[in-house]
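Student: Can you read through this structure? Questions will come right after.
Just so you know, all these numbers are worked out from the coordinates, no wet-lab data involved. Here the structure is a predicted model, which means the values were calculated and not measured. Cβ placement follows ideal geometry from the backbone for every residue including glycine, while neighbour counts extend to all protein chains displayed.
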Amino acid sequence: MTGTTLPADLTRATAAGLAQALAAGDVSAVEVAQAHLDRIAAVDGTRDADGVATGRAVHAFLHVCAESALADAKAVDDARAAGQTLPALAGVPIAVKDVMATRGLPTTCGSRILQGWVPPYDATVVANIRAARMVVLGKTNMDEFAMGSSTEHSAYGPTRNPWDLDRIPGGSGGGSAASLAAFETPLATGTDTGGSIRQPASVTGTVGVKPTYGAVSRYGLVALASSLDQAGPCARTVLDTALLHQVMAGHDPMDSTSLTGEYPDVVAAARAGATGSLDGVTVGVVRELSGDGYQAGVLRRFEESLAVLTEAGAKVVEVSCPSFTVALAAYYLILPSEASSNLAKFDAMRYGLRVEPGGVAVPTAEQVMGATRAAGFGDEVKRRIILGTYALSSGYYDAYYGSAQKVRTLIQRDFAAAFGQADVLVSPTSPTTAFPLGDKLENPLAMYLQDVATIPANLAGVPGMSLPSGLADEDGLPVGLQILAPAGADDRLYRVGGALEAILTARWGGSVLDRVPDLSAALATAANGATR
Amino acid sequence: MTVTDTTEAVLAYDDVVAAYDPVLGLEVHVELNTATKMFCGCPTGFGAEPNTQVCPVCLGLPGALPVLNARGLESAIRIGLALNCEIASWCRFARKNYFYPDMPKNFQTSQYDEPIAFNGFLDVELDDGSTFRVEIERAHMEEDTGKSTHVGGATGRIHGADYSLVDYNRAGIPLIEIVTKPVEGAGERAPEIARAYVAALRDLLRALGVSDVRMEQGSLRCDANLSLRAKVPGAAPGSAEQRAVPLGTRSETKNVNSLRSVERAVRYEMTRHAARLAAGLKIVQETRHWHEDTGITTSGREKSDAEDYRYFPEPDLVPMSPDPAWVDELRGTLPEPPPQRRRRLQAEWGFADLEMRDLVNAGAVELVEATVAAGAAPAAARKWWSGELARRANADGVELAAMPVTPAQIAALQGLVDAGTLTDSLARQVLEGVLAGEGEPAEVVESRGLQVVSDDGALGAAVDRAIAENPDVADKVRSGKVAAVGALVGAVMKQMRGQADAAKVKALLTERLAPADSTTDVSTS
Ligand SMILES: [Zn+2]
């Protein structure tokens, strides 16, 4: 080996490191893919014939495509051997959230109603990933149709947090976040409607970015709430996140809401940030996004991050965004409204699950739709469809959907005012660290509060990042810092995040994830537990 | 569900209009003739194999997103302008949510309270030459649904069917829905006005070139709303006094697929409503199905005002704000209004009202105009298009404009007749050759050897032979029964296999068979 510092265990490498080693020919894409597939086989656990997780393992993946991954990897190796110039991340493995349409690979969105559906087309994001010659390892678990903050709402069983297998990995993109924290993949994709990239990143000690609305194409993402959904990158380092961000983003003529025009160089920003200097940067602390309801250890790590930012040369100021206090309420009107319409297409007529109602000789289309939707959707999905149907009903529209849209405008104004005072805003990503599985399952409102700090960004369309700020003193679990930037200024997230990461990892003598428990030991315990 | 009202009572029409004031509301759906669908790149051609013109977008597959067809927006604006509407400076699409298997997404992308065009009018010419102004509420853009075929059962409707098939080729085809304001003051002419409005709209859309406007193929579909209210004695239809009476409950008759049916359906509904009202029964607010064969409507789905489509702005499409300069540019592309143009051409061509109306109804005005432009006399051009060609088009079940012959070819053909090269009957044979793809008229004349024989020697011999073979007929002519000459003309034409000028044959025969005391100069032959 020459010039690269790849760890002996390839799954511990960063995407940037792998890309460099692959380009240099120090390692083959097949070796890299095989190492990750072996890791998945070791820690991800098994599923029954119905796709439901069995036993106590990470269960980050709903579907692993070992065969096509190795074939893709071999094609990359062959192309490189033939002297072709390949994209920067060619041969680097990636996991894809199951909400993204993948041609030839099952796409279920964590729902029973799409069990067995194999899309005939690739989402634009997936097409971009394939064009970058990255190796897709499989599809990751999620709360059904991205509704939830714990992955417990997946119809195929929850994903478990590699930091503590009895805790949630966040949601809805818990599968992607856990796959990173469990070293099953160096990169993963996510979608963030109210925090589904950032909150899982926060509770798993990983990095996740929700780009500016419209920066990444929504074509082929199974829609939850169209005006809020945004796909983005998930990784273990700020630079890796930027590298994937660059692959995913770009104008797409298939998405009417896709941005046109100049888009900043996020990779350059991440590299600039890594120098550790934030001279001339003003950081705003959002008064409404901390304090009551936030876990003490989360607040302590947040205060510490502010000190680090100051140390790096940033000026820290306090800003107020009064409308943020009603963001959650507005969000839970807009999201269910749009979702109730977006999810109407799942009716058994063209694809997916079909359930014939009992006791009827020749059921009507309406009866088949009813029976299928009753059997195919989980409780949280039904809850939100009913909420949304109600909020859009004639006579209620103005009071609910209409008012929520007004709140949205107020939130946008708050952001505009705050960004007049600061280049970026910061807050804790999530009010708590990972909570135990089952803890909030019976209390939807408590679950919804997980996203209180992340939702304003979706309502305003601005970009946000979560990155590790350390471990909470009381439970030793990861805490995330959220950075928010104005629309279109996604590079600022990477500049500030890169600096914070550089200083913190230097202080800790390594990444937060170096302290994630040895999963093989945990799994052995689990096996013993299972035999008891 | 049982159909209980197929034989509802009706009231005599004269009694209806004596007691009630009808108010119409017409909703017309027009399929645009864009090459591709409203929100995806699928082709829009009619008649393809089911489910072959589809993609993830128009099938509503999970994750697919719409992108607006710019040509669809352009057509919508041109239609709005031609209907004297205001064009929205900013508007959006909205989702109309309801479940039905022919709607891939279970919502229709449409427009709700922000239509692209609103507040217009269309002046409609009636049979007696008078004009009636129909006010337009709005014209908005939406996508068509798929097409369901219900198999089994008696009525071809979903109830009672064994199973249903859905063709999504039609899903996503651009539609413009044009909605009138309540049409008041129509009085006893309500059925005629309804028909004339749809006809005027069809002509306008055809002139705009935005739609095939073929009612039988469903590219123009009309739903007719009707309500009756008590007539104020002595008050004129449309008078303030009459308008002060609140509107009655309306019925909406769907799928009225021809102009004649529009008139008949409105008339039927007037008599049905009146009979119910006269009997003290309530009108049910519902959709009704028109039956072309029996000439009645039957009850469809009950439709209350509370039917809730949960409209909200379509978040997958961006708002539209057409550049005023572009709208002005489109205004410049509007055609001359069809009634005005019709009057101008009629005057130029010197046609009778009936002749002109036939041309309009046959969709032949443009064809005649082009034929005249290519050099034919208007009367001759009219004769071809509303005669021989209309007959053939009708027999083949195709549009006149789709016949495989150009106006220039018809003008050339008429030129050959005018020059005496062809008789009318030969010209029809040449046309047959042109339609069969044998080439230009002159080429067909050549290849089929169809020109008139003008060799007087050959003609003279044939005339002499006909006289010799029919001595009795010849004697009749000689004795003054001039009409009998026709039989001899026929005999000559038969010998000449039609390739002779009948007028010339007749002249030759008359000459030879002139009575002895005739003063005709017989200096020749
Ligand atoms: Zn299509």
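Student: Go through B:375-384, A:450-459 and give me the packing order, highest mean Cβ count within 10 Å leading.
Tutor: On the way: B:375-384: 19.4, A:450-459: 27.8.
For the peptides B:375-384, A:450-459, the packing ranking is A:450-459, B:375-384.
Student: Another question, if that's okay. Using helices alone, what [θ] at 222 nm do you get for the protein assembly as shown, with -39,500 (n - 2.57) per DSSP H run of 4 or more residues, divided over all residues and rounded to the nearest 500?
Tutor: My calculation for the protein assembly as shown gives -11500 deg cm²/dmol from helical runs alone.
Student: Using a Förster radius of 25 Å, what is the FRET efficiency between B:Leu165 and A:Arg354 based on their Cβ-Cβ separation? Nearest 0.05, please.
Tutor: 0.95
Student: Provide the three semi-axes, in whole Å and in decreasing order, of the ellipsoid equivalent to segment B:151-202 as defined by the square roots of 5 times the Cα gyration tensor eigenvalues. Spell out each step's value before the answer.
Tutor: Details: eigenvalues 236, 69, 17 Å².
They are 34, 19, 9 Å, listed largest first.
Student: Shape call for the protein assembly as shown from the C-alpha gyration tensor, a ≥ b ≥ c root eigenvalues: rounded (a/c under 1.5), prolate (a/b greater than b/c) or oblate? List each step's numbers first, then the result.
Tutor: Working: a/c = 2.81, a/b = 2.11, b/c = 1.33.
Here the protein assembly as shown falls in the prolate category.
Student: Within 10 Å of each Cβ of A:390-399, how many other protein chain Cβ atoms are there on average? Please list the in-between numbers first.
Tutor: On the way: counts 1, 2, 7, 3, 7, 2, 2, 4, 0, 0.
Taking the mean over all residues of the peptide, I get 3.
Student: Which angle between 0 and 90 degrees, to the nearest 10, do you get for helix B:70-82 versus the longest principal axis of chain B when only C-alpha atoms count?
Tutor: Its long axis makes an angle of about 80 degrees.
Student: Let me ask something else about it. Partner chain Cβ atoms within 10 Å, averaged over the residues of A:345-355 - can you pull that number for me?
Tutor: Values: counts 11, 2, 8, 1, 10, 7, 4, 1, 0, 0, 0.
Across A:345-355, the average partner-chain Cβ count within 10 Å equals 4.
Student: In segment B:374-525, what is the volume of the convex hull around the alpha carbon atoms, normalised per residue and reported in Å³? Intermediate results must be reported in sequence, preceding the final value.
Tutor: Working: hull volume 20.9 nm³, N = 152.
Taking only Cα atoms, segment B:374-525 has a hull volume of 138 Å³ per residue.
Student: Going by amide H atoms built from the backbone, whose H comes under 5 Å of the H on A:Gly470, apart from near neighbours?
Tutor: Those lying under 5 Å, H to H, from A:Gly470 are A:Val479.
Student: Next question, about the same structure. How much length, in nm to one decimal, is gained on full extension between A:Ala41 and A:Ala79, taken as 0.36 nm per residue of separation minus their Cα-Cα distance? Provide the component values of the computation, followed by the final result.
Tutor: Working: separation 38, 0.36 × 38 = 13.68 nm, distance 2.77 nm.
Contour length minus Cα-Cα distance gives 10.9 nm.
Student: Going 7 Å from the Cα of A:Thr5 toward and past its Cβ, which residues in segment A:484-517 have a backbone nitrogen under 13 Å from where you end up?
Tutor: Within reach of a label on A:Thr5, which here means backbone N under 13 Å from a point 7 Å along Cα→Cβ, segment A:484-517 contributes A:506, A:509-511.
Student: Residues of segment B:172-198 with the amide nitrogen closer than 20 Å to a label point 7 Å from the Cα of B:Ala244, along Cα-to-Cβ, please.
Tutor: Answer for segment B:172-198: B:184-187.
Student: Under 28 Å Cα to Cα from B:Lys383, which lysines show up? Leave out anything in the same chain fewer than 8 places away.
Tutor: B:Lys494, B:Lys504, B:Lys506
Student: Using R₀ = 25 Å, calculate the FRET efficiency as 1/(1 + (r/R₀)^6) where r is the Cβ-Cβ separation of B:Leu334 and B:Gln217; round to 0.05. Don't skip to the end; give the middle numbers.
Tutor: Numbers: r = 25 Å, r/R0 = 1.02.
Step by step, r from the Cβ atoms, then E = 0.45.
Student: Another question about this same structure. Students often check this: by mean Cβ neighbours within 10 Å, which of B:27-39, A:375-387, A:168-180, A:239-251 ranks highest, and how do the rest follow? If you can, show how the numbers build up before the last one.
Tutor: Values: B:27-39: 21.0, A:375-387: 18.5, A:168-180: 35.4, A:239-251: 23.9.
Per-residue mean Cβ counts within 10 Å order the peptides as A:168-180, A:239-251, B:27-39, A:375-387.
Student: Any number yet on Rg/Rh for segment B:338-431, C-alpha, Kirkwood? Intermediate results must be reported in sequence, preceding the final value.
Tutor: On the way: Rg = 12.8 Å, Rh = 13.4 Å.
When Rh is taken as the Kirkwood radius, the ratio is 0.96.
Student: What relative contact order, as a whole-number percentage, does chain B give when Cα pairs under 8 Å and 6 or more residues apart are counted? Write out the running numbers ahead of the final one.
Tutor: Working: 926 pairs, mean separation 73.5, N = 525.
So the answer I get is 14 percent.
Student: To continue, here is another question. Would you mind checking the tilt of helix B:338-349 against the longest principal axis of the Cα atoms of chain B, expressed as 0 to 90 degrees and rounded to 10?
Tutor: Roughly 10 degrees between the two axes.
Student: Once both labels are modelled 7 Å past Cα along the beta-carbon direction, what's the B:Thr52-A:Asp292 spacing in nm?
Tutor: Output for this residue pair reads 6.7 nm.
Student: Sticking with this structure for a sec: Per residue of B:62-75, how many C-beta atoms from partner chains lie within 10 Å of its own C-beta, taken as a mean? Walk me through the intermediate numbers first.
Tutor: Values: counts 19, 17, 10, 14, 3, 7, 1, 0, 0, 0, 0, 0, 0, 0.
So the per-residue partner count for this stretch is 5.
Student: Using 0.36 nm per residue, how much length does the chain from B:Glu27 to B:Asp113 gain when fully extended, once their Cα-Cα distance is taken away? Can you show the working numbers first?
Tutor: On the way: separation 86, 0.36 × 86 = 30.96 nm, distance 1.61 nm.
Full extension from B:Glu27 to B:Asp113 adds 29.3 nm.
Student: Below 8 Å between Cα atoms, with a sequence gap of 6+, how large is the relative contact order for segment B:145-243 in percent?
Tutor: Working: 81 pairs, mean separation 18.9, N = 99.
Normalised by residue count, the contact order of segment B:145-243 is 19 percent.
Student: So, one more: For the cross-link pairs A:Lys345/B:Lys254; A:Lys345/A:Lys440; A:Lys406/B:Lys254, which exceed 28 Å when the distance is taken from alpha carbon to alpha carbon?
Tutor: Numbers: A:Lys345/B:Lys254 26 Å; A:Lys345/A:Lys440 30 Å; A:Lys406/B:Lys254 39 Å.
Checking Cα-Cα distances, A:Lys345/A:Lys440; A:Lys406/B:Lys254 exceed 28 Å.
Student: While we're looking at this one, here's another question. Using the Karplus equation 6.51 cos²θ - 1.76 cosθ + 1.60 (θ = phi - 60°), what ³J(HN,Hα) coupling, rounded to whole Hz, does each residue of segment B:415-425 give in order, writing x for Gly and Pro?
Tutor: Computed from phi, the couplings for segment B:415-425 are x, 5, 5, 4, 7, x, 5, 10, 8, 4, 6 Hz.
Student: Additional query: Can you tell me how chain A classifies by the Cα gyration tensor, rounded, prolate or oblate, using a/c under 1.5 as the rounded cut?
Tutor: Working: a/c = 1.42, a/b = 1.08, b/c = 1.32.
It is rounded, given that a/c, with a ≥ b ≥ c, falls under 1.5.
Student: Something else: Share of antiparallel DSSP beta bridges in the protein assembly as shown, in percent to the nearest 5?
Tutor: Values: 87 of 105 bridges.
Once the DSSP bridges in the protein assembly as shown are tallied, antiparallel ones form about 85 percent.
Student: Could you pull the Cα extents of chain B along its three principal axes, largest to smallest, in whole Å?
Tutor: 93, 57, 53
Student: By how many nm would the segment from B:Ala352 to B:Tyr309 lengthen if fully extended, with 0.36 nm per residue of separation less the alpha-carbon distance? Could you put the intermediate results ahead of the total?
Tutor: Details: separation 43, 0.36 × 43 = 15.48 nm, distance 5.06 nm.
Length gained between B:Ala352 and B:Tyr309: 10.4 nm.
Student: If you average the C-alpha positions of segment B:86-145 and of segment A:1-79 separately, how far apart do those two centres end up, in angstrom?
Tutor: 55
Student: Hey, what do the phi angles of segment B:477-485 turn into as Karplus ³J(HN,Hα) couplings, whole Hz, using 6.51/-1.76/1.60 and θ = phi - 60°, x for Gly and Pro?
Tutor: Whole-Hz 3J(HN,Hα) from phi for segment B:477-485: 5, 4, 7, x, 7, 4, 4, 5, 4.
Student: Taking H placed 1.01 Å from N in the peptide plane, check which residues at least 5 places from A:Gly284 or on another chain put their amide H under 5 Å from its amide H.
Tutor: Placed amide hydrogens put A:Val317, A:Asp423, A:Val424, A:Leu425, A:Val426 under 5 Å from A:Gly284.
Student: Please compute the modelled spin-label separation between B:Ser89 and B:Ala419, points set 7 Å along Cα→Cβ, answer in nm with one decimal.
Tutor: The two pseudo-label positions are separated by 6.2 nm.
Student: Could you work out the mean projected area of the convex hull around the alpha carbons of segment B:456-524, in square nanometres to one decimal?
Tutor: Details: hull surface 17.3 nm².
If I average the Cα hull's projected area over directions, I get 4.3 nm².
Student: Would you grab the residues whose amide H sits under 5 Å from the one on B:Cys85? Only those 5+ places off in sequence or on another chain, please, with H modelled 1.01 Å from N.
Tutor: B:Phe121
Student: Give a residue-ordered list of calculated ³J(HN,Hα) values for segment B:235-248 (Karplus: 6.51 cos²θ - 1.76 cosθ + 1.60, θ = phi - 60°; whole Hz; x for Gly, Pro).
Tutor: 7, 6, x, x, 6, 4, 4, 5, 5, 5, 6, x, 5, x
Student: So what is the relative contact order for chain A, in percent, with contacts set as C-alpha pairs under 8 Å and at least six apart? Write down the numbers at each step before the final one.
Tutor: On the way: 1294 pairs, mean separation 90.2, N = 532.
With pairs under 8 Å counted, the relative contact order is 17 percent.
Student: Calculate the length of the line joining the C-alpha centroid of segment A:482-521 to that of segment B:287-339, in whole Å.
Tutor: Taking the Cα centre of each part, segment A:482-521 and segment B:287-339 sit 54 Å apart.
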